[in-house]
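*Asks:* Mind looking over this structure? Questions follow.
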Amino acid sequence: MVGLRERKKQRTRRALIEAALRSFDEKGFEATTLAEIAAAADISTRTFFSYFASKEDIVFHDAEERHEMAVAILADRQPDDTVTGMLLRVIDAGLRWATSEERGTVEDARLRLRLVMTEPALQARALRMLLGNQLRLARALHEAFPERVTPIEAAAACGAIIGAIQLAVVAGAEEDRSLEAIYHTGLHAAEVVVAGLRALDDAESAAGSALG
């Protein structure tokens, strides 16, 4: 019974996401009401709040889960892992997860991107989330490689690689015709940045050298 309830909750959550994105596309983000989204998913407005706290939460519905996955990968660092190897592993897993068909269509991805680029409330939310998640990821990277990467180096590396991916995906939004194309665009951007971060694999950090 627990399994059945959980599957029902997942279906309802997915229905809310699909209904919201459809309405955002047809009516606009501001014009869409919570009551309309709930009705389209055949639930009450009160029940809506069991799944999401706001319309903004629907647009960013997978952000926290993706970030937790990235932190978990870094926490599983093995002795022979390199800094850049781990970063690429995190990015590859995140991109594969975000562009899987289970997460929606390429049209959904473009719609969410367009909403974030044009809606002030979503822009502000995205910037806050971006900064917070980059700092959390940087801390996880430093904790995974405390002997090789200082907090400043970890922050710079995470900021560079995440910023590059986001800008590349935005720039290629019109050309990338499939989820697979978006995945490859993001991964290529990450590889470009990682090529410049190889020094973190080849030498001790400045702080570590000073202590030595």
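The values are calculated or read from the model by the stated rules, or taken from the named source; none is laboratory data. Keep in mind that what you see is a predicted model, and the values were worked out from it rather than measured. Heads up, the Cβs are rebuilt from the backbone with ideal geometry, glycines too, and the neighbour counts pull from every protein chain shown. The accessibility values were calculated without ligands, DNA or RNA, using every heavy atom of the protein model including side chains. Shrake-Rupley method; radii C 1.70, N 1.55, O 1.52, S 1.80 Å.
Yes/no per residue for (1) under 20 Å from V194 (Cα atoms); (2) touching a residue at least 24 places away in the same chain (Cβ under 8 Å); (3) buried (at least 16 other Cβ atoms within 10 Å of the Cβ); (4) in contact with a Lys or Arg (Cβ under 6 Å, 6 or more places away or on another chain):
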site: H61; (1), (2), (3), (4): no, yes, yes, no
site: R112; (1), (2), (3), (4): no, yes, yes, no
site: T118; (1), (2), (3), (4): no, no, no, no
site: A121; (1), (2), (3), (4): no, yes, no, no
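*Asks:* Just need a number here: residues in the range 152-209 that are at pLDDT 85 or above, hydroxyl-bearing (S, T, Y), open to solvent by 30 Å² or more (accessible area, probe 1.4 Å) and assigned to a helix (DSSP H, G or I).
*Replies:* Of the residues in the range 152-209, 1 are at pLDDT 85 or above, hydroxyl-bearing (S, T, Y), open to solvent by 30 Å² or more (accessible area, probe 1.4 Å) and assigned to a helix (DSSP H, G or I).
*Asks:* Only residues that are touching a helix residue (DSSP H, G or I) at 6+ places or on another chain (Cβ under 8 Å), assigned to a helix (DSSP H, G or I) and open to solvent by less than 40 Å² (accessible area, probe 1.4 Å): list them for the range 131-151, please.
*Replies:* To start, the set of residues in the range 131-151 that are touching a helix residue (DSSP H, G or I) at 6+ places or on another chain (Cβ under 8 Å) comprises 133-145, 147-151.
Of the ones still in play, those that are also assigned to a helix (DSSP H, G or I) are 133-144, 151.
Hits for the range 131-151 are N133, Q134, L137, A138, A140, L141, A144.
*Asks:* Which count do you get for residues in the range 49-59 that are of a type in the set (G, A, S) and either under 19 Å from L115 (Cβ atoms) or open to solvent by less than 50 Å² (accessible area, probe 1.4 Å) (or both)?
*Replies:* Pass one, the range 49-59, residues of a type in the set (G, A, S): 50, 53-54.
From the residues that got through so far, the ones that are either under 19 Å from L115 (Cβ atoms) or open to solvent by less than 50 Å² (accessible area, probe 1.4 Å) (or both) too are 53-54.
Count: 2.
*Asks:* Here's something else I'd like to know. Check the range 72-88 and report whether any residue there is on the phi < 0 side of the Ramachandran plot, within 15 Å of the chain's Cα centre (by Cα) and charged (D, E, K, R). Reasoning before the result, please.
*Replies:* Taking the range 72-88 as the starting set, the residues that turn out to be on the phi < 0 side of the Ramachandran plot are 72-88.
Add one more test, that the residue is within 15 Å of the chain's Cα centre (by Cα), and what stays is 72-73, 87-88.
Okay, now just the ones that are also charged (D, E, K, R), so none.
Within the range 72-88, not a single residue is on the phi < 0 side of the Ramachandran plot, within 15 Å of the chain's Cα centre (by Cα) and charged (D, E, K, R).
*Asks:* Something else about it: Could you tell me which of the residues R46, R128 is surrounded by fewer than 18 Cβ atoms within 10 Å (Cβ to Cβ) and either touching a residue at least 12 places away in the same chain (Cβ under 8 Å) or under 19 Å from the mean Cα position of the chain (by Cα) (or both)?
*Replies:* On the way: R46 fails: either touching a residue at least 12 places away in the same chain (Cβ under 8 Å) or under 19 Å from the mean Cα position of the chain (by Cα) (or both).
Being surrounded by fewer than 18 Cβ atoms within 10 Å (Cβ to Cβ) and either touching a residue at least 12 places away in the same chain (Cβ under 8 Å) or under 19 Å from the mean Cα position of the chain (by Cα) (or both) holds for just one of R46, R128, which is R128.
*Asks:* Of the residues that sit in the range 72-86 and are of a type outside the set (S, T, N, Q) and touching a Leu at 6+ places or on another chain (Cβ under 7 Å), which one is nearest to L135 (Cα to Cα)? Talk me through it step by step, then tell me what you get.
*Replies:* Of the residues in the range 72-86, the ones of a type outside the set (S, T, N, Q) are 72-77, 79-81, 83, 85-86.
Add one more test, that the residue is touching a Leu at 6+ places or on another chain (Cβ under 7 Å), and what stays is 74, 83, 86.
Working: L74: 14, V83: 17, M86: 17 Å.
Per the stated criteria, the residue is L74.
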